[in-house]
Structures are given as C-alpha cells and as structure tokens.
Amino acid sequence: MSLSEQFHTDDLHPIDIVEHIAAHHEWDFDRVADDQIAMAVEAQWRTYSITLAWSGFDETLRLICTFEMEPPEEKLPLIYETLNRTNDMCWAGAFTYWSEQRLMVYRYGLVMGGGQIVAADQIDKLIGAAVSSAERFYPAFQLVAWGDQSPADAMQVAMAEAYGRA
C-alpha cells in the first residue's frame, strides 16, 4: 500500500503528512512548529538532518538536508569547485556550503501554487531524493577535503548512479 492510500491528504497540513511519513519510517523527528518539522535520517555514510517547512504565503514546501563538514580553510576553494560540479549533475535541488555553521546543505523547494495539495508519496520521494543526493556526493566532498583529490578526480566517485541490485 502506498503512503497516499493510508489517508486522505485533502484536509491535512503538509507538515502533518511529513510527520506521518517520519513515523512510518521510524525516523527520529521533532515538530518544531506548526509549519516546520526536523528529523534525522540514517543512511550508509552518515545520519542526515532534514528540516521541512511549509510557507502558506508562497505555497512552498522547503526541504533542507544538512550534514556537518569542517574542511580545512585552504580547501574551501576546491570545495566550492566541487559544489559547482555537483550542482551541474543534480536534476532537482542544489548543494551549498554554509561556512559559518560548518554545514553542507542540500536544498529544494516544492512549489504547490494554485492551491495544489501535496501527496504523501510526493513528499516521501522528495526526502528520498535528498538523502540519495547527499549519499551520492558525500564521498566526493570528503575526497576533496581530506583525500587531496582534485574536484574532477573526486567527482568520478559520483559520476554514475547504481541501478538494480548486486
């Protein structure tokens, strides 16, 4: 049964739907406010902090997926080059580095204009895409920051997505 089939979303707030998805996946979460939820999603490389916030005014569900990263100061120009290369490969969302907070950030805004209603499957896929992107590019960021790899060489790790199962 899909997540959408478990309940009707017509009368639910988008963050209520996110809360249901987090509970369904047994992720740790905290309903920060009526319009915001924060959760921790464990993956292969690390646990990612994900925050989703709803803006009724903009009719946008904003996702921010972060992980700590403290590259040496002299590596920042190479990290920024790696970010540019990474964003060229992202179909949806984009990465940035918040140097003050020492966080690598993946951001995406799902615009639901005209009174559209967001579906649970749509949000679940959005969260999955964020984690998948972070997992895909995490090794490249690490190789540039700590492995003395050039951005071009480090990106070879993230060039091809795996399909199927071994």
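The values are calculated or read from the model by the stated rules, or taken from the named source; none is laboratory data. Everything numeric in this text was worked out from a predicted model, so none of it was measured. Positions of Cβ are generated from backbone atoms using ideal geometry, with glycine treated the same way; all protein chains shown enter the neighbour counts. These accessible areas exclude ligands, DNA and RNA; they are computed on the full protein's heavy atoms, side chains included. Shrake-Rupley method; radii C 1.70, N 1.55, O 1.52, S 1.80 Å.
Exactly one of these conditions fails for Gly113: (1) of a type outside the set (S, T, N, Q); (2) outside any loop (DSSP other than H, G, I, E, B); (3) open to solvent by less than 50 Å² (accessible area, probe 1.4 Å). Give me its number. Answer for Gly113: the failing condition is (2).
Among the residues making up the stretch 125-151, those that are touching a helix residue (DSSP H, G or I) at 6+ places or on another chain (Cβ under 9 Å) and open to solvent by less than 40 Å² (accessible area, probe 1.4 Å) are Ile127, Ser133, Phe137, Pro139, Ala140, Phe141, Val144, Ala145, Gly147, Pro151.
Before we move on, is Glu81 of a type outside the set (A, V, I, L, M), open to solvent by 30 Å² or more (accessible area, probe 1.4 Å), in contact with a Pro (Cβ under 6 Å, 6 or more places away or on another chain) and outside any strand (DSSP E or B)? Yes, satisfied. Of all residues in the stretch 31-38, at least one satisfies being in contact with a Lys or Arg (Cβ under 8 Å, 6 or more places away or on another chain) and surrounded by 15 or more Cβ atoms within 10 Å (Cβ to Cβ). Flag: Ala154 matches the condition of being outside any strand (DSSP E or B) and open to solvent by less than 40 Å² (accessible area, probe 1.4 Å). If the condition is being modelled with pLDDT under 95 and of a type in the set (Phe, Trp, Tyr), then the stretch 55-97 contributes Phe57, Trp91.
So, Leu12, is that one modelled with pLDDT of 95 or more and either more than 14 Å from the chain's Cα centre (by Cα) or aliphatic (A, V, I, L, M) (or both) or not? Spelling it out, it is not the case that Leu12 is modelled with pLDDT of 95 or more and either more than 14 Å from the chain's Cα centre (by Cα) or aliphatic (A, V, I, L, M) (or both). Just one of the numbered conditions (1) out of contact with any strand residue (DSSP E or B) (no Cβ under 9 Å at 6 or more places or on another chain); (2) of a type in the set (Phe, Trp, Tyr); (3) in contact (Cβ under 8 Å) with a residue 40 or more places away in the chain is not true of Phe57: (3). Taking the stretch 84-110 as the range and being surrounded by 15 or more Cβ atoms within 10 Å (Cβ to Cβ), over 17 Å from Asp35 (Cα atoms) and of a type in the set (Phe, Trp, Tyr) as the test, the residues that pass are Phe95, Tyr97, Tyr106.
Scanning the stretch 62-118 for residues that are under 18 Å from the mean Cα position of the chain (by Cα), closer than 23 Å to Glu42 by Cα and in contact (Cβ under 8 Å) with a residue 60 or more places away in the chain turns up Leu63, Cys65, Phe67, Met69, Thr86.
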